[in-house]
Amino acid sequence: MARALPVETTQARIDARPRLRRLAGPVGTALGVLAATAYIRSVNPNEPGHYPLCPTLALLGIDCPGCGGLRATHALAHGDIGAALDNNALFVVLVPVVIGLWAVWTYRAWTGVSPARTPRRELISRGAPMAFLVVMMVFAVVRNFVPFLGSGVG
């Protein structure tokens, strides 16, 4: 039986830490992603030998939801949206979502104010991971079993 978490509905939460300390997470994350993207931009994942093979592809012969993510990142870093969509459409769709979530995190770190926990926010925070997993599973099935997509079974 699931226990209900206490829910605060009246006030926003205030983070009393100094601004520089609050910004360490979002800024560090942005620097790490930029460094990884710069590396992927300079080392082409389309050339064999630089990156490991996907275990799902190697063992089962089908693409996992993340297959093509490095190639899509490489294509996006070079401004080729069409090639990125061809490599992994889900990744390309999720990039603006992730950037938006990062922007919200950065804003909250900057101001030190997080919105109050409401039942609606609790429901979203519990349901979002499950919805994301369902989307990934549907994408994995579609990309492997729809013949014209050119990957996976067939």
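The values are calculated or read from the model by the stated rules, or taken from the named source; none is laboratory data. Every value quoted in this text rests on a predicted model; they were computed, and no experiment measured them. All Cβ positions, glycine included, derive from the backbone under ideal geometry; neighbour counts span all protein chains shown.
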If I filter the stretch 100-116 for residues that are among the hydrophobic types (A, V, I, L, M, F, W, C), in a helix (DSSP H, G or I) and closer than 21 Å to MET136 by Cα, do I get at least one hit? yes
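Residues checked against (1) in contact (Cβ under 8 Å) with a residue 40 or more places away in the chain; (2) on the phi > 0 side of the Ramachandran plot; (3) surrounded by 13 or more Cβ atoms within 10 Å (Cβ to Cβ); (4) of a type in the set (Gly, Ala, Ser):
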{"position": "ASP86", "(1), (2), (3), (4)": "no, no, yes, no"}
{"position": "LEU94", "(1), (2), (3), (4)": "no, no, yes, no"}
{"position": "VAL97", "(1), (2), (3), (4)": "no, no, no, no"}
{"position": "ALA140", "(1), (2), (3), (4)": "yes, no, yes, yes"}
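Out of curiosity, is LEU123 at pLDDT 90 or above, more than 21 Å from THR37 (Cα to Cα) and under 16 Å from the mean Cα position of the chain (by Cα)?
The answer is no for LEU123.
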Looking only at the stretch 17-67, which residues are among the aromatic types (Phe, Trp, Tyr) and not in a loop (DSSP other than H, G, I, E, B)? TYR39
Which residues, taken from the stretch 68-84, are without any contact (Cβ under 8 Å) to a residue 24 or more places away in the chain and in a helix (DSSP H, G or I)? GLY69, ALA72, ALA75, LEU76, ILE81, GLY82, ALA83, ALA84
Where VAL97 falls short, out of the listed (1) part of a helix (DSSP H, G or I); (2) hydrophobic (A, V, I, L, M, F, W, C); (3) at pLDDT below 95: (3)
May I ask you to list the residues in the stretch 45-65 that are crowded, with 16+ Cβ neighbours inside 10 Å and in contact with a helix residue (DSSP H, G or I) (Cβ under 8 Å, 6 or more places away or on another chain)? PRO45, ILE62, ASP63, CYS64, PRO65
Residue hits (the stretch 13-42; within 15 Å of the chain's Cα centre (by Cα), more than 12 Å from THR73 (Cβ to Cβ) and in contact (Cβ under 8 Å) with a residue 12 or more places away in the chain) are PRO26, THR29, ALA30
Test: PRO18 is at pLDDT 90 or above and in contact with a His (Cβ under 6 Å, 6 or more places away or on another chain): no
Consider the stretch 99-138. How many of its residues are closer than 18 Å to LEU23 by Cβ, in contact (Cβ under 8 Å) with a residue 12 or more places away in the chain and of a type in the set (A, V, I, L, M)? 2
